[in-house]
Amino acid sequence: MTTRTIRLGVNIDHVATLRQQRGTSYPDVLRAAQLAVEHGADLITVHLREDRRHIQDADVEAIRAHVAAPLNLEMALTDEMLTLAEVVRPDWVCLVPERRQELTTEGGLDVLTAQDRIRAAAARLRAAGIRLSLFVDADPEQIQAAAECGADAVELHTGEYADASDPQQRQAVLQRLAHAASQSQALGLGVHAGHGLTLDNVGPIAALAEVTELNIGHAIVAEAIMRGLPRAVADMRAAIDRVLD
Ligand code: PXP
């Protein structure tokens with residue numbers, strides 16, 4: 001019997017994507033966060049992007065105020081975002097690289113070149129009682145630098161693993177992730193992972209002994225659409241038919 005647990009962080013960015021696409025008040029992002037927690041999410045993860053393309057400041061504030069589960073705020077390393085974090089006080093901040101034109105976060109943070117700025121950010125966040133994780137590739141130098149910056153955890157980028165179509169290539173990436181996970185734990189860092197994880201590919205990542213948290217969004221929101229569509233269509237059919245009766 002294993003006593004190992006893995007926290008599931010449900011990333012609800014793409015509920016907000018659907019809302020922003022039309023500028024409607026639905027789907028309700030706060031309700032999505034509450035439903036996720038009611039059904040097994042251990043924490044809620046949101047990425048407040050500088051361009052505010054999905055999650056808005058008001059979403060972060062509402063989730064912080066009305067959702068009992070811990071909040072993990074993904075954000076870029078900017079003064080604006082650090083100040084916002086100090087006000088909202090999420091349980092965790094996960095620093096991610098951000099490029100405006102990208103569809104999603106494309107690579108890990110370059111901790112090596114931003115070490116001084118990250119160390120300063122870590123001190124600010126620690127003073128506000130916020131724990132810090134750094135979204136990094138499975139690269140020994142980046143992980144060493146993360147530990148030296150005073151981060152509490154790394155979040156290992158699983159995008160390359162998820163994208164690998166060739167089984168051998170996927171196995172090679174998994175090996176790198178396994179080494180990165182054990183290196184991180186040996187350095188005293190918490191080991192989180194995420195990006196591109198689905199029902200089909202999450203198993204080998206969850207099986208890495210050091211992993212304590214997974215952050216998963218796109219695939220959960222996509223699956224929710226498929227599972228919810230029959231009910232949504234039936235409800236609309238009934239609403240129309242009611243006036244015809
Ligand atoms: N973790 C981090 C740091 C991310 O930037 C993202 C994407 O916002 C995720 C996890 C979730 O990735 P996905 O939506 O592909 O599950």
Inside the stretch 63-101, the number of residues satisfying the requirement of being within 16 Å of the chain's Cα centre (by Cα), farther than 23 Å from GLN20 by Cα and of a type in the set (A, V, I, L, M) is 4
*Would you confirm whether any residue within the stretch 48-62 is buried (at least 16 other Cβ atoms within 10 Å of the Cβ), in contact (Cβ under 8 Å) with a residue 12 or more places away in the chain, within 16 Å of the chain's Cα centre (by Cα) and closer than 23 Å to GLY190 by Cα?*
yes
GLU38: passes all of (1) within 16 Å of the ligand (Cβ to nearest atom); (2) closer than 23 Å to THR212 by Cα but (1)
The residue that is surrounded by the most Cβ atoms within 10 Å (Cβ to Cβ), considering only those in the stretch 13-47 that are assigned to a loop (DSSP other than H, G, I, E, B) and touching a residue at least 24 places away in the same chain (Cβ under 8 Å), is ALA41
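Quick one: in the stretch 1-57, of everything that is of a type in the set (S, T, N, Q) and over 19 Å from PRO70 (Cβ atoms), which residue is modelled with the lowest pLDDT?
As a first pass, look at the stretch 1-57 and keep what is of a type in the set (S, T, N, Q): 2-3, 5, 11, 17, 20-21, 24-25, 34, 45, 56.
So of that shortlist, the ones also over 19 Å from PRO70 (Cβ atoms) come out as 2-3, 17, 20-21, 24-25, 56.
On the way: THR2: 65, THR3: 83, THR17: 98, GLN20: 98, GLN21: 97, THR24: 98, SER25: 97, GLN56: 98.
Residue satisfying both the conditions and the ranking: THR2.
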Right, VAL10: in contact (Cβ under 8 Å) with a residue 60 or more places away in the chain and farther than 20 Å from VAL93 by Cβ or not?
-> no
Point to revise | ILE118 vs. criteria closer than 19 Å to THR212 by Cα and more than 17 Å from the chain's Cα centre (by Cα) | key: no
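Consider LEU125 carefully, then state whether it is within 15 Å of the ligand (Cβ to nearest atom) and within 21 Å of HIS47 (Cα to Cα). Outline the logic, then answer.
Details: within 15 Å of the ligand (Cβ to nearest atom): no; within 21 Å of HIS47 (Cα to Cα): yes.
When the stated conditions are applied, LEU125 does not pass them.
How many of the residues making up the stretch 69-85 are among the β-branched types (Val, Ile, Thr) and part of a loop (DSSP other than H, G, I, E, B)? Can you show your working first?
We begin by selecting, within the stretch 69-85, every residue among the β-branched types (Val, Ile, Thr); these are 78, 83.
Next, only the ones that are part of a loop (DSSP other than H, G, I, E, B) stay: 78.
Total meeting the criteria: 1.
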Worksheet entry | Qualifying residue in the stretch 57-68 (condition: more than 15 Å from the ligand (Cβ to nearest atom), part of a loop (DSSP other than H, G, I, E, B), of a type in the set (A, V, I, L, M) and farther than 26 Å from GLY108 by Cα) | yes
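Out of LEU199, LEU214, which single residue is in contact (Cβ under 8 Å) with a residue 12 or more places away in the chain, surrounded by fewer than 19 Cβ atoms within 10 Å (Cβ to Cβ) and within 15 Å of the ligand (Cβ to nearest atom)? Explain how you work it out, then say what you get.
Values: LEU214 fails: surrounded by fewer than 19 Cβ atoms within 10 Å (Cβ to Cβ).
Only one candidate qualifies: LEU199.
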Conditions (1) within 14 Å of the ligand (Cβ to nearest atom); (2) buried (at least 21 other Cβ atoms within 10 Å of the Cβ) -> GLY107 fails only (2)
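The values are calculated or read from the model by the stated rules, or taken from the named source; none is laboratory data. Just so it is clear, the model here is predicted, and its values are computed rather than measured. Ideal geometry is used to build each Cβ from the backbone, glycine not excepted, and the neighbour counts take in all protein chains shown.
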